[in-house]
Structure formats: structure tokens, C-alpha cells
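Note sheet for the following structure.
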Amino acid sequence: MKRLFFLVACIMILGLVSSSVWGSIGSGDDAEIVLNFPIDNNIELSNNVLFNCSANITGGAIITNMSLFTNESGIWEAKNTTILDTLFSNAIAYYQLDGNSFVDTTGNGNTLVNTGTTNSTGILIDGRDLSGSGQWVTTPDLHIDGASERTINFWINLDNIGQDGDDVMHTASDVMVLSPYDFGATNWRYVINGITPISGSDATADVGVWTMITMNYNGTHANLFRNGVNMGSNAGTPSGVITAFRIGANVADVTEIDGQIDEIGFWNSTLTDAELLELYNSGNSLKFSGSNSGTQTWTRIISESTLWACGACDSDGDCGLTATNRTIYVDTTLPQITVQSPSGTTDYNYIGGNETLNVTFDDNGLDMCWYNYNGTNITIDGCLTGTSNSTNFTLESDNTNMTIYSNDSFGNENSTFINWTYTYLENNRTYNTTSYETAGETFSINVEGASSVTLLYNGTSYTTTKSGNDFTRTLQMPIGKLGNHKIIFSLDETQSSYTSYQNVLEVMFTLCNSNYTTKFLNISFKDETNSSALTASIPTSTFNYYLGDGTVYKTYTYINNTENTNYEFCASPNRILYVDPYIQYKSSGYPQRIYDQSAVSLSNTITNTILYLLSSVDGIYVTFQVINLAEQGIGGVTILGTRLIEGVTTTVAQGITGADGSSTFWLNPDFAHIFTFTKTGYSTLNKSLTPTQSTYTVTLGGSTDVGVDDYSQGISITTIPEGTNVLYNTSYLFNYTISSSFWTIDEFGATLKYPNGTIINSSSLTTNGGTISFNFMTPLNGSVVMDYYYIVNSTYTNGTTTWKVYKSSDYSISYLLNHITTYVNANLFGILGDDDGYFAKAIISLLLIIMFSGMISYRYGLASESAVSALIFGIVFFLNYFNFIPTPEGVTFVNVGDFLVMITALLIIAAIFREETR
Amino acid sequence: MNKRGSMIFGITIGIFIYIMGVLMLPFIIDDIDTARDAFSCSDTTITDGNKINCLITDLTIPYFILFFVSLLLGFVAGSIK
């Protein structure tokens, strides 16, 4: 049994030794330092590692600091150190005097010998009461030599000042003395041998108040503090040796003070002002806080696997390390990223639409997840709480890829790049979100991947026109279908696009009222004869109005049999509105007329229309009988009669012939009118006449009618380039110029096109003449055609000019001519005129010689060489005399004119000689 | 050979000569290009003499064609007489 107990004891001792090795404790202390966590061989998921150690010191000393050691760089170093205490741990002796105890709390074992004092209430818990007669405490073990630094601090509460010589502290040989009595004054007095005594003239020694007194020598000065505040300082070097402190009495003559003392501390160093204030603790005294055990935690960023251990130091100045160490490993595994979507090819999406990112992240220490789309990093919320994350992002143009990132707590970052495609990708769609009845609305979509697109507008299918990736359809908004209409595009009849909406509102044209106040049209009336204003009624009127191309229109009928000066019509919405009016109007004493104008565009800039009436006494009824060449009446012929009123061509007659081909108008027989007779299938007939007869017969389709106007009279048309040929692959300016000296041209235009009808360019003007130009690079072959027209008095006249495109060979006569032009433009022979006219003179001289000699020879039959030579000599002489024969530039040795005169003279001589010798 | 046969023969010979002449054009074209390069005809700053030479060179092909056309017409006309 004894053996068993012995064995258990041995095991316990061995266990204690294995966990409490204290490296270099030399003052009898024993210590135990325990590595708490992380556990050995732990794998850290975060590089922010939490380390924890505990230390326990036995033998009296307290812990001053604890440190974390690692060998991250291969060398054991203290990486993190926690200072546990510097104030009390540096004390060489400290007496709390609580509970009638005189123990040195620092654990240094400096005893305090009590002589007669009794336990009393102290500044902290208990203190010692000194009655002033044979009572004090002594520190026999403390030893301070010569000029060494020191600090002595204690609390005292005087019952009375006493008398001179009653010292609070007095060492042997007066080496260090503290007295509350300064030669008659109740001020603290601090004496060190070798230094002038410090008399605290401002440091009144108070009675009945706990006061903290501090005396020190900092190596150069002695200082006296009261309640942490410096009361005086003197320089010097202490002398003498202190072998013991007696507090409460003079060590020599036993003169004692009366009061209580508490919290006595000795330091062999100089406490700082801050430390003194810490001790003072706002008058409450700081409780001794040193401990012989503690647990410390450090957080340290670890970048690689490492060994670690802990160390500690105690108040004796001893330090030690744990004998064992532990290993931590870091996480080197990258987070795993798995993308479920988007990937591969998806059926459909549109730019600006939502796309869903589904991604799974896998890591034990996941820290952050995000994706980069179009250069912007976006955090994936919630990736830390769930392994699978779904987030939406807005699809951007030309951007179907992204990079997804994830990192863990240790800083391991991983990324994956994904891209995806769509079978159908809608880049954009254009339409008006608000429309109106009768408006023409164009719906277009730009979609990649579709070969055909059908527009589903409010449930009805419409085919579209394809141009590249653009699909377009124009619809005329029906009437009566107001509100939101769905817009969906069906892609290849297999995929539907997203749904958008168009709100269709009502279009309205009506007589102005409180609901419709935006005026578009104002109709007033005048007497055709004198232009005086009239009131008129409207027995009936019909207005067909629309916003689009007119295939869908609304009709407004208005009747007012009361005569009014004018009628104002308003419309909504406030945009261009096309109105086709038909108005029957009359006034008292004025027969009814009809105003049947073709559609006019109206806007909120009010259009004022004046309708003319002719009084019963000023007009006559004129009937037009329209017949064909077979003298049969033609029904349905539109008759338009106009005349100049106040300088403006004004419509005064409008009507359509009946089945018998006749139509009757109320006209002024005093003025010339122009009538236009129009019917599809017949040539339009313009007739100018003064309607003095009651009946006129007009033949359509014939050419015998003398009333037809010639609308080509005075019209001048020019097309450029001139001629009918243009060079291939050359930029030409194709012009169509028209002017008129007789008619007023209402409109003219031209279209440049290829022979197959493909239009190159087209333009028109509504001015009275002018030029339309097209700049065009001719094709390699074929032709270029310009169709042009002009309109005078609603009569359309057209024409065509065709240019043949030719290609010049580098060896053709055309090339030669071009070359000549080029050289001439480069001033060949000074032909451009900077040669004082010599070139021109030379040409003239040549012509004169050839023409004159030729004509004389031909006319008079001169066949003799001598005679011809003489003739040439005379001409040359004459030309030279008038300086017509130039001397080329650079020829300086001879005058060419004189030279030629001599040459021709020699030729005469030679010719005469030859004839004479023949 | 009667008159008709002579006419057909003359036309045939004329066409043959004309075709042979046209077939020679590519060879002449190379020489024309060489001459143009030598005279720097595309440069408008050359001397007036060179410009005249260039123009005469440009006339070569038209003259050549005119020559063979004249021959053709000459043979045709001669055969008709």
C-alpha cells in the first residue's frame, strides 16, 4: 500500500514538473506556464490567430508581464507582450497594514516591525494608529545606499501637529527625515543629507485629513509630493547610508507623532508624476494589485505554419519560457467556386433585363464572395450564411462574361471566369410608350439570333421587316381602343420576348370648348367681291382627321345653322394633326358653297382659313358638263376653281360631277378663273376662263380643248453633268436646276437612281425654282438615271436624264485628251498666259502663214515655189516686224524672228536659183 | 476568180490583217508603258518636250488601230472595185 501511495506521488510530481518548468527563476520562486489554445497541430482557417496562455508563480513574486513567442522566421522571438504591472511589481516593499498584518505584499519578505501601534481605520481598509508615545513601525531589512534613486510613499492622517522634532520618519544619522513641523510652521519638511532641505511652505500639514506623502530622489534632485503634487525640489547628491526606516518616530531621540498611517511603499526607483497620481487615485489610494497568476490572450496575424510558446516575468526580475511548444498550421486550401448559372447558352434575355447568378462557394473559413461585372465589384450578400447563393444583376450591352471571386479568412483568394451566350439576345426595342388613336407607330427591335420576328401588339400578330438584326413594323393605331396595350415580340415563333406596354390615348378634333382649348383651326368668311367679313352658317361639315398616314382616321361632323363670324376648332394631343375638311357654308344673301380641301397639317399654331362667299347679285350659276371623247358625261370628276383674291390664289369652287358629268357652281362672271378637272384614268385638264356663260362643256381625254395651259412655258431645266456620259468611279455633282419665267413652280424634285430602280438619293424643294444637287461616285459600269419633276398649279411634269458610265482605257483617245488637258492645266508651252502671250502669238503666226499662203496659192493658182516662198517671206517679215514671232525662253544666242526672216530669204534665193537652173 | 470571189477574198484578207494587228496590241502596250515611265509622263513638271513625247506616245495605239482599220477598209474597197 505504501508503495502504491509512493507511486502515485511520483506520478503527480512528474506531472507537475512536466507542466511547470520555469526556466530561470532564481529567487526561489517556482512557476507554471500553461499553453491553453490553440491546441497542438491546429489548422487555422483565419490568419488572425487567437493565442491563450496562463501563468502561475509561487514563492511570493507577482507576474509583471507575459509574452507570446513564435519561430515564424526560424528564430524564437517574443511577438506579443502584455505588461501586467509596473507600479507595484517594481516596489521593493509594500505594506497594506490590513487586518493587523505587517506582511510585505510584494512578496520580497522585507519585514515590518511593529512597536506599540494598534490597528485602526486606514485610507484603505485598515492602518496603524500611533498615539504619539512610544509607537512606530520599523523596516530593519531595507537598505538604501548613498545617491541611489528611491521613492517612499505612504498615507498619513495627523491627530495633531505635535511639536518641533516630532518626525513622521527619521532614519539614523538624519540621513532622511520627514517632519510636519518646519521650525514653528506647520508645513511639511523633507531632509536628505547633502541636499538643502525642502520646506513645503505651500504644503500645509493638515490635521484630521488623510494625506499622501511622497519623498524621492531621482538621481539629481530630491522632491517632496503631497497628494501627488510636487511641493518642492532641490538638487544635490545624498550622502549617508540608510539601513532601516522608522516611521512614526525619530530613530534617535524617540519623538513620535500622533495620527494614523497606511499603505506604506518603498521603491528603489523614481516613480513618475503619472504613477504618483495613479497611486493617489483621486484621494482614495490605489489598492495594491499585483498578482502571482494570470491568463493572457493575444491575437496575431500568422502567414505561415509555425511553432509557438509562452513566457512570463515576475517582480523579482526572473523570466522563463514554457519548456514545450505547440505547432499551428495555416489554411492553404483555396475556396471552391461552382457556377450553376449563367453558363452555356440561354434561350433569351435582353439588355437591361435581370440575369440570375447561381453560384456555390465551398470553404471552411469563407470570408467574402463577390463578382466583377463590367469592371465593377459587387458583393454577393449572404454567401457566408449559405453555400449556394443566388443574386440578380442587370445585363449590359456587349457584356456576357464576369469573374467571380471568393476568399477565406486566411486570405486565400480564388476566382473563376465565366461567359455565356443567348440564343436570342434583345439589344433594344424602340417604340413610343404613349400613343394616340390614328397615329402611325413604329415598333422595332434589335435582336441577335432571330431570323424572323412577329410583333404581338395587344394580342394581334403582325409581321416585321428585317434589316440586319433590326425588325420593324409600323402600325396605324386603331380608334376606340384606348389604354395599355401589350407589346411582345415572338422570335422565330419559338421564343417570346419580355412584355412592354404602350398606352394609347384618344385623339380629338372638335369645336373648341371647355375641355378642348388648344386651337388648331379658325374658319372665317369673307365676301368674294369686296373682301368684307361675313357671318355664315355651316349646314354640314365633315372633318376626317388623323395623326398617321390617314389609313385610319376619325371623323368629326359639325352642323351649325346659326350664322357666326368664325368657327374655332381645337384638337388634342398637341402635335401635328392632319385634317381633311369638307364644309358646306352659306350666308344670308349668299348661296352655299363647298370647301373640300385635301388633308392639311394643323398644329397648335392656329391655322386661319378664310372661306369666300359670293352674293346673290354678284354671281351666276355656271354648269360644267364634263364629257369624254365619245361625248359621254363623266361622273366623279373633281372640279377645282380658283381665282386671285387680294393677290392670293383662292379656291372659290369645289365639286364633283354627278353621273351625268355636270356640276354647278356659283361664280363671279367678272373675273378670270382657273379650273382643274381631275379624274383617275383621264388626263388632268387645266382650263382658264371667265365664267360668263351658264354652261361649259369640257372634254377629258381629248387634246382639242383650247383651254389647256402649257405648263412648260417659261420653264428652263438643266441637268449636270453635261452630255450623256460620265467616267466610272468618279465623283460627280449631279445637279437638277429649274427656273421659270412664266409659272410659279410650287414644287420640284429629283431622284438619282440606278437603272434597276434602286434609289441613290432623292430630294425636293417647294421654292419657285432652284437647284438640287447630289454628290455621287459613279459605279464601275452601267448607267445613272435622274428622274426629275416639277409641279405647277398641281400639275405634275417630269423628265429623265440618263448618263452612261464609261471606263476609259489607258491607251484610248480619251486618255490622250485627258493627258492633253492635264498638260495644258500644267501650262504646257506657257499656254496659260504667263509667257507674255508668245504661245498665242505663235499659234496666230502659224495660222496666218498657213491660211494666207494657202488661200493666195489656191485662189490665184500660185504653183511656183519661188512665189510661195516669197509670199511666206513677206508674212514672216511682217510678223517679225510686229514682234509676233517669239524667241523661246532660254534661247539667247539668236533672235528667232530675225533668224526666220533670213531663212525664208535664203529659201527664196534657193527657189529662184533652182527654177532658173531647171 | 470572179468579182464576188475576189470581194470575199479581199474582205477575208482585210479581216485577217485587222485581227493580226489587234493581236499585236498587247506587245505594243508594254512598250508604251515603258516609254511613259521613261518620260515620267505622270509628272506634270517635266519639260514641254517630254510632254509632247508623252502625247505622241499616247497616240500610238489609236494610230495603230486606225492603221489597221484603214488597211481593212482598203482591202474591202479594193476587193469591191
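Using θ = phi - 60° and the Karplus form 6.51 cos²θ - 1.76 cosθ + 1.60, what ³J(HN,Hα) does each residue of segment A:534-545 get, whole Hz, x for Gly and Pro?
Rounded to whole hertz, the list is 10, 9, 8, 9, 10, x, 6, 7, 9, 10, 8, 10.
Mind ordering A:679-686, A:760-767, A:147-154 by average Cβ neighbours within 10 Å, highest first?
So the peptides A:679-686, A:760-767, A:147-154, ranked by packing, come out A:147-154, A:679-686, A:760-767.
In degrees from 0 to 90, rounded to the nearest 10, what is the angle of the helix B:3-23 Cα long axis to the longest principal axis of chain B?
20
Which of the listed residues, A:64, B:55, A:911, is farthest toward the dipole's positive end in the protein assembly as shown, when Lys, Arg count +1 and Asp, Glu count -1 at the beta-carbon?
Sorting the options by dipole projection puts first A:911.
Cross-link candidates for residue A:679: which lysines have Cα within less than 20 Å, leaving aside residues fewer than 8 places away along the same chain?
The qualifying lysines are A:687.
Using Cα pairs under 8 angstrom and six or more residues apart, how large is the relative contact order of segment A:759-824, in percent?
The normalised contact order for segment A:759-824 reaches 23 percent.
Given H placed 1.01 Å from N in the peptide plane, which residues other than close sequence neighbours of residue A:627 have an amide H under 5 Å from its amide H?
Counting only residues 5 or more places away or on other chains, the set is A:634, A:698, A:699, A:700.
What's the average, rounded to a whole number, of partner chain beta-carbon atoms within 10 Å of each residue's beta-carbon in B:39-45? Please report the intermediate quantities before stating the final value.
Numbers: counts 0, 0, 3, 2, 1, 7, 1.
If you average over the peptide's residues, the count of other-chain Cβ atoms is 2.
Could you tell me the convex hull volume per residue, in Å³, taken over the Cα atoms of segment A:764-875?
280
Segment A:567-636 to segment A:93-107: how many Å between their Cα centroids?
127
Please give the Cα centre distance for segment A:783-806 versus segment B:31-81, rounded to the nearest Å.
40
Ignore the peptide's own chain and count Cβ atoms of other chains within 10 Å of each Cβ in A:817-828; give me the average, rounded.
Going residue by residue through A:817-828 and averaging, the value is 4.
Add -39500 (n - 2.57) for each DSSP H run of 4 or more in chain A, then divide by its residues: what number comes out at 222 nm, to the nearest 500 deg cm²/dmol?
Value at 222 nm, helices only: -3500 deg cm²/dmol.
Nearest 10 degrees, 0 to 90: what angle lies between the long axis of helix A:865-881 and the longest principal axis of chain A (Cα atoms)?
50
Could you tell me how far the Cα centroid of segment A:356-399 sits from the Cα centroid of segment A:539-554, in Å?
That distance is 58 Å.
Below 8 Å, C-alpha to C-alpha, sequence gap of six or more: please give me the relative contact order for segment A:220-376 in percent.
Here the relative contact order equals 12 percent.
Can you tally the net charge around residue A:609? Count Lys and Arg as +1, Asp and Glu as -1, for every other residue whose Cβ sits under 12 Å from the Cβ of residue A:609.
Values: positive: A:526; negative: A:568.
Summing Lys/Arg as +1 and Asp/Glu as -1 gives 0.
Counting only residues 5 or more places away or on other chains, whose amide H sits under 5 Å from the amide H of residue A:637 once H atoms are built in the peptide plane?
A:657
Near residue B:3, which lysines are there with a Cα under 27 Å away, not counting those fewer than 8 places off in the same chain?
In chain and number order, the partners are B:81.
If the only charges are +1 at each Lys and Arg Cβ and -1 at each Asp and Glu Cβ, what is the size of the charge dipole of the protein assembly as shown around the Cα centre, to the nearest 20 debye?
Numbers: 37 positive and 89 negative charges, 1376 e Å.
Value, rounded to 20: 6600 debye.
Among the DSSP beta bridges whose two residues both lie in chain A, what percent are antiparallel, rounded to the nearest 5?
Within chain A, antiparallel bridges account for around 90 percent of the total.
Considering the options A:379, A:496, A:389, tell which one lies farthest towards the positive end of the dipole of segment A:349-508, charges being +1 on Lys and Arg and -1 on Asp and Glu at the Cβ, about the Cα centre.
Of the candidates, A:496 comes out farthest on the positive side.
Counting only C-alpha contacts under 8 Å and six or more residues apart, can you give the relative contact order of chain A as a whole percent?
The normalised contact order for chain A reaches 7 percent.
Excluding same-chain residues fewer than 8 positions from residue A:753, which lysines have a Cα within less than 19 Å of its Cα?
Counting by Cα, and skipping residues close in sequence, residue A:753 has these lysines nearby: A:804.
Putting +1 on Lys and Arg Cβ atoms and -1 on Asp and Glu Cβ atoms, find which of A:461, A:133, B:17 reaches farthest to the positive end of the dipole of the protein assembly as shown.
B:17
Output the 0 to 90 degree angle, nearest 10, between the alpha-carbon long axis of helix A:896-917 and the longest principal axis computed from the alpha carbons of chain A.
40
If you average 1/r over all unlike Cα pairs in segment A:125-265 and invert the result, what Kirkwood radius do you get in angstrom?
14.7
Values quoted throughout were computed directly from the atomic coordinates according to the rules given, and no laboratory measurement underlies them. Here the structure is a predicted model, which is why all the values come from computation and not from measurement. In this analysis, Cβ positions are derived from the backbone assuming ideal geometry, glycine residues included, and neighbour counts consider all displayed protein chains.
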